[in-house]
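**Q** Right, I'll just put the structure down here and ask away after.
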Amino acid sequence: MIRTPYDPSREGAQMSFDGRMSYGDYLRLDTILTAQAPLSDAHDEMLFIVQHQASEIWMRLVIHELTSVCDHIARDDLAPSFKMLARVSRILDQLNSAWDVLRTMTPSEYTAFRDALGMSSGFQSFQYRAIEFLAGNKNASMMRPHAHKPDIHAWLEKILHAPSIYDQSIRLLARKGFAIDQSMLMRDCSLTYEANESVRAAWLTIYRDPEAHWSLYELAEKLVDFEDYFRRWRFNHVTTVERIIGFKTGTGGTSGVNYLRKMLDVVLFPELWAVRTDL
Ligand code: HEM
């Protein structure tokens with residue numbers, strides 16, 4: 001017996017989109033799905049492009065969340081910022097799992113299209129740099145690859161000079177009555193963060209008596225969670241890179257794995273790690 005295929009319009013599924021906004025219209029899939037343009041005939045270049053684009057789309061959301069976290073902490077409105085920081089950690093976890101897909105590409109497969117990339121590299125990802133700046137890893141020299149794009153440069157420069165999520169957290173500690181050095185509250189936020197004793201003492205007080213400072217304690221743990229997942233991203237990246245290109249220089253011109261290994265030493269929230277030793 002031939003069964004008639006089920007017709008979802010019988011239960012109301014909309015089937016006609018003439019003059020109506022459809023799923024593809026709302027999500028601009030015509031733009032997104034026509035943006036994969038391999039420059040070689042190598043089969044694996046599509047994987048490389050999709051993996052980077054998908055990462056950039058997730059970074060878009062991370063920036064959206066971290067920007068809002070800064071605003072909420074500045075307004076002493078911590079509960080929503082906890083939810084957003086938790087979401088950012090889950091996104092990083094998702095990006096960490098995504099390396100498993102890229103690892104299916106062998107060095108021979110990558111070599112087949114590497115020349116097509118020219119000097120382009122994730123090193124020039126302006127969204128990644130924005131995330132580093134929002135998280136507090138400020139480095140003005142990282143602005144230079146964006147000088148040729150005035151809009152992006154101006155956008156990134158604003159984030160470089162604005163207080164990071166950690167600067168905002170330290171200002172919050174001061175507002176809550178902790179004795180934070182004035183130099184930390186007045187600091188030029190575009191400069192590299194340097195660990196400070198008054199900040200360490202404040203976090204230590206909070207960790208010694210969580211019940212008395214529960215929301216600051218929760219903020220501290222959410223920040224540590226974020227940095228933990230970020231470190232895993234850096235580690236997965238460098239391991240994948242070593243697996244694929246060994247110790248060759250990067251397309252962006254750095255020493256490659258050796259450069260990325262240096263980045264593993266970055267500490268975003270130094271006093272929050274230091275209190276672990278003090279407790
Ligand atoms: C075959 C896979 C990959 C290889 C061989 C690779 C290689 C490299 C290398 C060698 C660098 C150092 C800069 C340079 O000289 O180019 C770098 C930086 C970077 N890559 Fe990748 N990468 C790969 C995949 C990815 C993916 C999927 C992303 C996700 C967006 C990504 C994002 C980045 C970022 C953000 C940086 C800058 C890191 C920093 O400055 O701390 N990479 N990559």
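**Q** Quick one: in region 94-122, which of the residues that are closer than 17 Å to V257 by Cα and aliphatic (A, V, I, L, M) is farthest from the ligand (Cβ to nearest atom)? Even if it seems obvious, please write down each step before you answer.
**A** We begin by selecting, within region 94-122, every residue closer than 17 Å to V257 by Cα; these are 99, 102-103, 106-107, 110-111, 114, 119-122.
Imposing the further condition that a residue be aliphatic (A, V, I, L, M) reduces the set to 102, 119.
Numbers: L102: 6, M119: 8 Å.
My answer is M119.
**Q** Can you confirm whether L204 is more than 25 Å from the chain's Cα centre (by Cα) and hydrophobic (A, V, I, L, M, F, W, C)? Quick ask: steps written out before the conclusion?
**A** Working: more than 25 Å from the chain's Cα centre (by Cα): yes; hydrophobic (A, V, I, L, M, F, W, C): yes.
Yes, satisfied.
**Q** Which one of the conditions (1) within 12 Å of the ligand (Cβ to nearest atom); (2) small (G, A, S); (3) closer than 22 Å to A140 by Cα does G246 fail to meet, given that it meets all the rest?
**A** Evaluating G246 over (1) within 12 Å of the ligand (Cβ to nearest atom); (2) small (G, A, S); (3) closer than 22 Å to A140 by Cα leaves (3) as the failure.
**Q** If a residue has to be of a type in the set (G, A, S) and either within 22 Å of E218 (Cβ to Cβ) or not in a helix (DSSP H, G or I) (or both) to count, how many in region 131-187 make the cut? So that I can check it myself, show each step before the final result.
**A** Taking region 131-187 and keeping what is of a type in the set (G, A, S), we get 135-136, 140-141, 147, 154, 162, 164, 169, 174, 177, 179, 183.
From what's left, either within 22 Å of E218 (Cβ to Cβ) or not in a helix (DSSP H, G or I) (or both): 135-136, 147, 162, 164, 169, 174, 177, 179.
Number satisfying all stated conditions: 9.
**Q** When you go through (1) within 14 Å of the ligand (Cβ to nearest atom); (2) in a helix (DSSP H, G or I); (3) of a type in the set (G, A, S) one by one for A212, which number turns out not to apply?
**A** So the condition that A212 fails would be (1).
**Q** Do we find a residue being of a type in the set (V, I, T), within 16 Å of the ligand (Cβ to nearest atom), part of a loop (DSSP other than H, G, I, E, B) and at pLDDT 95 or above anywhere in region 191-208?
**A** Our first condition is that a residue be of a type in the set (V, I, T); within region 191-208, this holds for 192, 199, 205-206.
In the following step, the residues that additionally are within 16 Å of the ligand (Cβ to nearest atom) were identified as 192.
If we keep only those that are part of a loop (DSSP other than H, G, I, E, B) too, we end up with 192.
Right, trim to at pLDDT 95 or above and you get 192.
Within region 191-208, one or more residues are of a type in the set (V, I, T), within 16 Å of the ligand (Cβ to nearest atom), part of a loop (DSSP other than H, G, I, E, B) and at pLDDT 95 or above.
**Q** List, please: which pairs have Cβ atoms under 9 Å, are six or more places apart or on different chains, and start with a residue in region 34-45 that is more than 12 Å from D115 (Cα to Cα) and end with one that is modelled with pLDDT of 95 or more and part of a loop (DSSP other than H, G, I, E, B)?
**A** That search, which allows pairs on different chains as well, returns D44/T104; D44/M105; D44/T106.
**Q** If the Cβ limit is 7 Å and pairs must be 6+ apart or interchain, which residue in region 128-149 that is more than 19 Å from L85 (Cα to Cα) pairs with which residue that is buried (at least 18 other Cβ atoms within 10 Å of the Cβ) and of a type in the set (D, E)?
**A** Filtered contacts from region 128-149: no entries.
**Q** Scanning region 47-86 for residues that are free of Cβ contacts under 8 Å to residues at least 60 places away in the same chain and of a type in the set (D, E, K, R), which turns out surrounded by the fewest Cβ atoms within 10 Å (Cβ to Cβ)?
**A** Only one residue fits best here, namely D77.
**Q** Between S89, S120, S55, S81, which is in contact with a helix residue (DSSP H, G or I) (Cβ under 8 Å, 6 or more places away or on another chain), within 27 Å of K149 (Cβ to Cβ), of a type in the set (S, T, N, Q) and modelled with pLDDT of 95 or more?
**A** When all the criteria are applied, what remains is S55.
**Q** Which residue, of T254, T249, is of a type in the set (V, I, T), out of contact with any strand residue (DSSP E or B) (no Cβ under 8 Å at 6 or more places or on another chain), free of Cβ contacts under 8 Å to residues at least 12 places away in the same chain and more than 17 Å from R103 (Cα to Cα)? Spell out how you get there, then give the answer.
**A** Values: T254 fails: free of Cβ contacts under 8 Å to residues at least 12 places away in the same chain.
Residue meeting the stated conditions: T249.
**Q** Evaluate region 40-56: report whether one residue or more is β-branched (V, I, T) and in a helix (DSSP H, G or I).
**A** Residues of region 40-56 β-branched (V, I, T): 49-50.
Okay, now just the ones that are also in a helix (DSSP H, G or I), so 49-50.
Checking region 40-56: at least one residue is β-branched (V, I, T) and in a helix (DSSP H, G or I).
The values are calculated or read from the model by the stated rules, or taken from the named source; none is laboratory data. Model, not experiment: these values are computed from the prediction. Counting neighbours? That spans all protein chains shown, and the Cβs are built from the backbone with ideal geometry, glycine included.
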